[in-house]
Structures are given as structure tokens and as C-alpha cells.
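Where a number appears in this text, it was derived from the coordinates with a stated rule and is not lab data. Treat the numbers as computed from the prediction; the structure is a model and nothing was measured. Cβ placement follows ideal geometry from the backbone for every residue including glycine, while neighbour counts extend to all protein chains displayed.
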Amino acid sequence: MESAADKTCLEARGIWKVFGSKSDQAVELSRDGASRKEVLEATGCTVGVKDVSMAVTRGETFVVMGLSGSGKSTLVRCLARLTDPTAGSVFLDGEDLTAMDEAALRQVRRQKLSMVFQHFGLFPHRTVIDNAAYGLEIQKMAKAERHERASAVLAEVGLEGYEHHYPGQLSGGMQQRVGLARALTVDPEILFFDEPFSALDPLIRRDMQDQLLDLQHTLQRTIVFITHDFAEAIKLGDRIAIMKDGVFDQVGTASQLITSPATDYVREFTEDVPKIKVLTAGDVMQTQTTSGTRSVPASATVESLLPLLLEGDDPIGVSDADGRTVGVVDRNAVTQILASAR
Amino acid sequence: MTAASPPVGTVGLRSEVRRWLPLAGLVVGALALQLLFSGDDAFPARWDSTFESPIDDAGDWLRSNRSTHPVFTAFFSPLSRGIDAIITGISDFLLWVPWFVVIAAAAAIPARVRMYRAAITVAVALAYTGVIGLWTETMQTLGLMSAAVLLAVVIGLPLGILAALKPGFETILRPFLDIMQTVPAFVYFLPLFMLFGIGNVPGAVATLIYALPPVVRLTTLGIRTVPPQAVEASQMYGARRRQTLTKVQLPMAIPSIITGLSQTIMLALGVVVLATLVGASGLGSPVLQSLNQRRTGRGIAAGLAIMAVAMVLDRIWRSAAERDPLKRHPRNVTLVGLGILAVGALLGRVVGAGSFPEVFDWTLFDPVDDVVTWIRDNLRWLTRPLSDSIVTWLYLPARDLLTDTLAWPVVVFVGAWACWRMKGWGLALFTASSLVLVGLFGLWELSIDTLVQVLLASAMALALALPIGIWAGRRPRIEAALGPILDGLQTVPSLVYIIPAVIFFTVGVVPGIMATVLYAMVPGVRITALGIREVATESLEASRTFGATPRQTLLGVRIPLAAPTIMAGVNQVIMMSLAMVIISGLVGGGGLGFETVVVLKRSRFGLGFEVAVALVALAMILDRFTEAAADRLQPHRDTGL
Ligand SMILES: Nc1ncnc2c1ncn2[C@@H]1O[C@H](COP(=O)(O)OP(=O)(O)OP(=O)(O)O)[C@@H](O)[C@H]1O
Ligand SMILES: [Mg+2]
């Protein structure tokens, strides 16, 4: 069996980011329990990220969700080392990113990292294909080859035929597809997304989310995804961290957050969520190994159980990925979920 | 005031005293100095020439060593030859290429991005210079200017990039750029003329110095304003600093850099025309010639040619600034066009076409002279008394007050006092010491003379510009109509303004002042109108809801809110006045300007150095003072609601 450490792709240990000149003093004050506001008043420093630790498994989509100013961008910038954290370290495949010099960091970025930005961060003076091929151009790949790779990725994100347009000629959704293509062309190990869809219309946002899910299904990359939209977090995230004032309030799967919110703050977000669409048979079952006549996989949503429960009175068996029965769901359990939804 | 403050009476008294103390200090100090020094009527002459003769000696040394000393043989002479080679290379090439190919090529640049109106303008404007017989001069001016601008780019671009990437470097660079832009370009001719001798080179270098700051500034600005996300995106793909710079930052800064260049080019044109005074060839010489011969018609012909060049350059740059790739013709069209031009050039040479054929020459405009003479003679009733009263009622009294009536220490003291009140000790000290230095140079009276002319002309220009600007700023349609005219006038080199002034006011101080008023008025009107127009409509509507009359709104809201902008306009008016007053030394304007002309004509190095220092000092004082005044009018954020 693989150990947890092997499967961990990206790990952050005790990340701090403080803006301002007296950062050491600010860290100390904050450690002693001073609030962000108190630290700001005492030292003039803003605590952007406060002692955050996290571990992202290979192939996992890890979502950081929080409101504006909670420190999400600062955190992801520390992870990608676009800024240096005030304290703490970031490990990528066991290598300490924070200790690397410019050249080593550059090498890691070329081989392993990519990022998609909220305002796209495209290069307006380059055509779509030259935008998409930028990472390869930096690696000095020959033009024909990099264009070939880039057009394949562009086709994948649905931009076939737009290769020689300029970003300014495209709609917002298409521009972000270019951003996505640019990130994918270098075949990265980890993708950072900093609120990539926030600037888009709701409908286009949904399209993009679906597309990302599709892509992730085949690509299986490690993703760190930032958002301020809880619905988006649930839709995309294998695990979700709720961030507030620079710290993680809670980290867990969508079901965990909904069924057992750690703080009132987390609860507030979960309240409006349509639970039957999020919770699964596995979440609501009673553990029991004897099977009934009917059976569903543990990953089936509660919503999908409703017709089955209406058909008959008897409990429905729940089976795990290997087909073994692990529990049962009955009308009673589902009614409780529905009742707590309001 | 808190509750713990002393009784009201004492507070009132104390603050009153504090308020009047500086003014009392001024009066007492001035009176005391006046009594002490009233014996001497001007700056004591016995201190003169302490500086001049050593510098003259140095000048003599320069002159006799120019062909032998290593500083020259190893540095200045090769540099000079190199620059000269670039200039003559460009202008010879432009003259070698058949004229119709030059015109077609120039027009093709806007046409390439489908700006056909601009293409026609360019063609017509260039053709005009040929028809009027000034083709050669025009190409020479283009050559001189292209060389200067090219050098400005070659030097300015790296400086701008460095300043953008290293904030520390920018802090060091900025004061130099400020000074370079504050000092009138004419002043640069003096030292450059000593180093490079007569010809195209000092003119090109002066142009370069003057044109450098906008290139540097806008390059820095352009790189700084590249969205940080684009830079970070580049970093995320593992780009090196240089890769990010060349692939992302510089290309994205190009629009800003092009704006900088178009400013540069317009500034350069004015200086290049002036460079005739240090022996440069080009369109300046016909202007100067017609000025000397008082041939208005020819002056107009040459002036129009300069405006045509300005127009051509402006259109060409604007089309170069057009970054929309969709508007561009496809590459093969461009290649075919280039091919046609090249073939045309060769064929044209084969049949011997080169310079523009002689169609007419500038004597075409000679009939204008008769009209002008007629107008002048019939306007005597107006111009004479106007001229006389300016001299007898304004200029002479002001000059005599400052040089005769008041002892020099009083002038220094009052000047320093005003600077202290406006800006602080730094400027006061600078003003006092530089005024004393100017006195020690023996240039006291000349400098005061120049200062009086500058202030007088500025006051007159403002008296005209402010009402017009306020009037136009409230009427968008009028401003829209006025805009192109003012734009046009701003591209006319200062030298051209002198021609009509000389015609109507003959020689002496008045034509210079009149030319200055005309020249300096333009930015005054523009900036005032801008300030008035840009007052937020909300403030105006707020005022109107309280039932204010238009007059009350204008005086109570519009003008106060526009005051900082208008004051920036005042600064420009004064700086342009200084530049122009110096140039009007050419038509007997007196003061430091006349001295400059003398220096350039007679190669008096010591004097040249002193005059340059005096002018730089005057420019800095006037600029910093008016800038501080504009800052003061800026509403303070912390006292706002
Ligand atoms: N360069 C900086 N200098 C000073 N303070 C900063 C800087 N960048 C961010 N901050 C501060 O750090 C805090 C967190 O900012 P951050 O941008 O990480 O928030 P965010 O969660 O990404 O918000 P948003 O959803 O608006 O993007 C904010 O209070 C912000 O003002
Ligand atoms: Mg953010």
C-alpha cells in the first residue's frame, strides 16, 4: 500500500504572509492571539495568511473558499512562490519550494506548475496560439512543435479555429479558455486556479466548470482551486478548505462540511446548499453488512435515491466501490435530511 | 482647539501675531536692506568677471585644443563625426530617393493600417514642401530630427527600462529628467556649441537632450502599467527576467512608448528648427532668412512647411501607434507595396529623378508682403500706441523698479521670502544663492530684464488665455472647434511666432513680448478649458440645486475646483514664456536672450557659460515656484468631508 506521504503532491507547513515592514513583530502578536485588526493597529502590518498548513494529494482537486480579503490569493501566491511567505515552507513532491533559488524555481515551474488567473493575465499582443504556446516558447521549443501541441490543447478546450485571433477579439469565456489552454499546454503536474471564473457570466461560468470537470476526468491533475462561490467549491472540489481572516476554519469534503460544520461561519455557507444534491448514499447510510434486494453505489446522491424509496418500503443496500455492501438507507434517514434542509 | 486652551482673547491675538509675523519680517527686512544698500544702484560691478575670464581662458583652451587634445580626438570628435554621419546619411538617403517615392512611402505608412485620410494629408503636406521649393531643407530637417529621435530612443529606452525595474535608479534619474525638461532647449546650444563646434551636431544633441525625458518617462510608465497578472503569468511558466521583459513587458509597453515618441518628435521639431542658429541645416534657415529680410510671405511659406512636417510626423506616428492587428493590411499586401516602392526608387534614379522638381519657390508668397505691409501701415494707429504704452507703462517701470529703485539685496531677499512662503527653505536658499551668483557673473541687470519680460508676457498671455479658456471650457462645442486650431498652433515652432510679431512691432522688446504672448497663450487656453470642463458634474449640479446663478456656480464652484489644473497651466505659460523670451533676443529683445545670440555669433565661451547658468537658475526658480503654487491649490484630502 502507498503511504500517505507518497501520495501527497503539494504540502504547505505553517505558511504565514504578513504585508508590511514589521512583519516579525506582527507574526508574534498574531501568534499570541491578536486579531488581524489589532495587529494592523499595533504594527501597521496586514496579516494576509496566518499559519496555514495543508496537504494536497496527487490527482485531487483542493478548493480554497473564502470571501473577499480572506487571503486566498495571497495563499495561492505563496504556494506558487509568486511571493515569498513570511514564514513556513511549501513542499512539492518532497522538495522545498521555499528554499529554492531562482534557477531551480524556474526549472520546477517549467516542468510542474501552471496557473490560471482571475483576470486571465493573457498577453494581448500575442495571438491565441502564441498565448497558449507561451510556456513552451519559454522552454525554447521549436515553433512548429509548440504550435502543434498548443493547437491540440486549444481544440480540447473548444477553441479550434481561433488560433490566429487576438485575445481582445474573444469573449470573456473564450479568453479564459485561452488561459486554461495556456496552463495545460505545458503539461503541468499542478494547476493553480485563482478565481478563474469569477469574472464570467453565470451561464458561461457553469459551462467552464463542466468543461473543467470533463478535462479533469481524463487528465487527473492535482489542482488547487480558489473561489468565493461555495456552490462552485462543492461542484469542483474533492476537498474544500473554508478560509476566513487568513486561516482555515475547516477542511473537508463537501459532505463533511455540510453534515458537521466546525464553526458558525462554515454553517452559514452550508445552509443554502441543496443537501440532497450534495450528500450521497454513503453519507446518510446506517452501517450494516446484510444486503437487501436493491442496492446503490455509495457515491449516488440522495436525490437519485428518491424514486427508489418511493417504489418500495424496504431499505436500500449501499455498496462500496468493490461491490461489497457497507450499509443501508431507508426513508427515515432521507426524511431527516430533507427536514434539516430548511 | 480643546477645552483646555487659554481664553479666547489671547488665542486670537497670538494667532493674529503669528499670521502677520512673516509679512512684518518681509517689510522690515526689505526696508532695512534698502536703506543699507540704496547707494549701489545695481549689482556691484567690482565683483564682475571673477568668473568670466577663467572660463574664457578655458574656452580659449577648448578652441585651441579641439583638434589635438585627447578628450576631443578620442571622444568628442569621433562622437561628433558619428552623429553627423547618421544625420547626413539619413538626409542624403531621403534626397537620393526620388521625391515621389518618398511621398508614396510616407503615405503608405498610414495607408497600411487603413488610415486613408491621414495618408492623403501626409502626401499633400509633403508635396507642399516640394512645390514651395523647400524639399531639400525639409529632408535635411527630417534627417536631423530622425537622428536625434533615434538617439533618444537608443539611449532613452534602456534608461526607461532600468528605471522601471530598479526603483532606486529611478529616484536618481528623476531630478535629472526634471531639469532637462525645465531648461529651455535654446540654453543647451551654449555648452554644446563649445564642445562640438558649429553645424548639425550641437543641434542634434540639444534636441536629443530635450527629447530624452519623455522617452524615458513613458517607457518606465509603460512597463510599470503592464498588468501584474501578465508578468506573473510569464513568471509562472519559468520565464527568465529577460524573457519576461522582451516577450511580455516591452511589447505591452509599446503603446505608451509610442506616445512618448510622438511627444518627443513634436518637441524635437521645435528645437531642430532653432538649431539653425548653431549652424544646422534645414527648415530653420529659410525662417531665419525671411526674418532677417522681413519677408513675411516667405516666412509664412517656410512656417507652413514646418507645420507640414509636424503634420506628417504626427500622422505617421499615430498610424504607427495603431495596434489593432485587424486594421492592418495582410503581410503580402505590405510586401508588394514595399516592392513597388523599391522598384519605383530604382527606376526613378535611372531616369534621374531625385529632389523635387522646381515648380514654384517661396517667392510665390511674396504678394503676401504687400498685404501685410498694407495692414501694418493701416494698423499703426493701434500697434504704435500699444507698443509705446507697453514699454512706457509696464516694461520700463517694472525693470527700473527692480534694477534701479530697489537695491539688489532687497530683490534677493523678497524673492527668497516669496519662495520660502510658497515652498520652504530649500527653494528660498536656492533662489537667494542663484540670484547672488547671477549677480556675481555680472548678469544682474540682464537677468532682471529677462525676468521682467517673462513675467510681463506671462501676465498678458494669462489675461487673454484665462477668460478664453474659461469661456471655452463651459461650451463643449466651442472647445471642440478651438481644439484643432490650438493643436496646430502648438506644433508651430517658437521661431515662427516671431515673424508676425516683428512685422507689426518692428524691433525691440515689444515684438518679443508679443510673440511670447501668442506662443504661451496656447497652452494656457487649453489647460484652463480642460480644468473647467473636467469639474465633476455632480458638484455643479449640487451647486445648482441650491439655486446658485450660473455666475455664482462659475465663481464659487467651477473656478475653485479647476484651480489646481489652471495653475498647472500657469506653470506651462511661464515656462514657455521663458523659452520664447530668450529666442526673441534674435529680434533685439534684450536681456539674456540677446546675450545668447551674441555668444553664439561670437563664440564667447565665458559669457556663454554664465548665461547658461543664469538661464537654468531662472528656469528652475520659476518652475518650482509655480509648481508649488499649483500644489497649494490642490484640495487637502484630510480636510475634506
Ligand atoms: N501586496 C499587498 N500589500 C499589502 N496588503 C496586501 C497585499 N496583497 C494583499 N494584501 C492584503 O491581504 C489581505 C488578503 O488579500 P487577498 O488578495 O489574499 O484576498 P482574497 O481572499 O484573494 O480576496 P479577493 O477575493 O478579493 O481576491 C487583504 O486584506 C489585502 O488587503
Ligand atoms: Mg484574490
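How many nm separate the modelled label positions at residue A:101 and residue B:381, each set 7 Å beyond the Cα in the direction of the Cβ?
8.9 nm
What Kirkwood hydrodynamic radius do you get for segment B:268-312 when you take the inverse of the mean 1/r over all pairs of distinct Cα atoms, in Å?
10.4 Å
Calculate the translational D of segment A:1-152 in whole µm² s⁻¹ from Stokes-Einstein, where the hydrodynamic radius comes from the Kirkwood formula applied to all Cα pairs, the temperature is 10 °C and the viscosity 1.306 mPa s.
89 µm²/s
For residue B:544 paired with residue A:325, estimate the spin-label separation in nm (one decimal), with each label point 7 Å from Cα along the Cα-to-Cβ line.
Placing both labels 7 Å along Cα→Cβ, they lie 8.1 nm apart.
Taking R0 as 41 Å, what's the FRET efficiency between residue B:114 and residue B:459 from their Cβ-Cβ distance, rounded to 0.05?
About 0.30, to the nearest 0.05.
Stokes-Einstein D for segment A:213-302 at 37 °C, 0.692 mPa s, Kirkwood Rh over Cα pairs, in µm²/s?
For these conditions, the coefficient is 223 µm²/s.
If the convex hull of the alpha-carbon atoms of the protein assembly as shown is projected onto planes in all directions, what is the mean projected area in square nanometres?
57.1 nm²
For segment B:379-641, what is the relative contact order in percent, using Cα pairs closer than 8 Å and at least 6 residues apart in sequence?
Computed over segment B:379-641, the figure is 24 percent.
Determine the principal axes of the Cα atoms in chain A, then give the extent along each, sorted from largest to smallest and rounded to whole angstroms.
Projected onto the principal axes, the Cα atoms of chain A cover 65, 57, 43 Å.
From the gyration tensor of the Cα coordinates in segment B:201-294, what semi-axes in whole Å does the equivalent ellipsoid have, largest first, with each one equal to sqrt(5λ)?
42, 11, 8
Let me understand chain B better: what is its radius of gyration from the alpha carbons, and its Dmax, in angstrom?
Rg, Dmax (Cα atoms, Å): 27.3, 98.
Once you keep just the Cα pairs under 8 angstrom separated by 6 or more residues, what percentage relative contact order results for chain B?
Relative contact order here is 20 percent.
To the nearest 20 debye, what charge dipole does segment B:379-641 have about its Cα centre, counting +1 at the Cβ of each Lys and Arg and -1 at the Cβ of each Asp and Glu?
So the magnitude is around 500 debye.
How long are the three semi-axes of the equivalent ellipsoid of segment A:277-340, in whole Å, if each is the root of 5 times an eigenvalue of the C-alpha gyration tensor, listed from largest down?
Result for segment A:277-340: semi-axes of 17, 13, 10 Å.
Is there a pair in A:17/A:37; A:7/A:50; A:235/A:277; A:37/A:72; A:140/B:247 whose C-alpha atoms are over 20 Å apart, and which pairs would that be?
Over 20 Å Cα-Cα: A:7/A:50.
Could you work out the relative contact order of segment B:354-500, using alpha carbon pairs under 8 angstrom and six or more residues apart, expressed as a whole percent?
15 percent
Once the dipole of chain B is set up with Lys and Arg at +1 and Asp and Glu at -1 on Cβ about the Cα centre, which of B:478, B:177, B:447 lies farthest towards its positive end?
Farthest towards the positive end: B:478.
For labels at residue A:255 and residue A:164 in the simple 7 Å Cα→Cβ model, what's the distance in nm?
It is 5.2 nm.
By how many nm would the segment from residue B:341 to residue B:18 lengthen if fully extended, with 0.36 nm per residue of separation less the alpha-carbon distance?
Extending this stretch completely gives an extra 108.7 nm.
Output the 0 to 90 degree angle, nearest 10, between the alpha-carbon long axis of helix A:202-219 and the longest principal axis computed from the alpha carbons of chain A.
90 degrees
Run the helix sum for chain B: -39,500 (n - 2.57) per DSSP H stretch of 4+ residues, divided by residue count, reported at 222 nm to the nearest 500 deg cm²/dmol.
-26000 deg cm²/dmol
Quick one: which residues, 5+ away or cross-chain, put their amide H under 5 Å from the amide H of residue A:64? H built at 1.01 Å from N.
Hits under the 5 Å cutoff: A:225, A:226, A:227, A:241.
Take every DSSP beta bridge whose two residues both sit in chain A, then give the antiparallel share in percent to the nearest 5.
55 percent
Using unit Cβ charges (K, R positive; D, E negative) and no other charged atoms, how large, in debye to the nearest 20, is the dipole of chain B about its Cα centre?
2140 debye
In sequence order, what are the phi-derived ³J(HN,Hα) couplings for segment A:122-130 according to the Karplus relation 6.51 cos²θ - 1.76 cosθ + 1.60 with θ = phi - 60°, rounded to whole Hz, with x for glycine and proline?
Once θ is set to phi - 60°, the couplings for segment A:122-130 become 7, 9, x, 8, 10, 5, 3, 5, 6 Hz.
How would segment B:193-237 be classified by its alpha-carbon gyration tensor: rounded, prolate or oblate, with rounded meaning a/c under 1.5 and the a/b versus b/c comparison settling the rest?
The shape class here is prolate.
Could you pull the Rg and Dmax for segment B:262-351, using just the Cα atoms, both in Å?
Here Rg and the maximum Cα pair distance are 18.2, 52 Å.
Can you put B:244, A:263 in order, fewest other beta carbons within 10 Å first?
A:263, B:244
Per 10 Å bin, what percent of the C-alpha pairs of segment B:379-641 does each bin hold, from zero upward?
7, 26, 32, 23, 10, 2, 0
For residue A:244, list long-range residues whose amide hydrogen, built 1.01 Å from N in the peptide plane, is under 5 Å from its own amide hydrogen.
A:249
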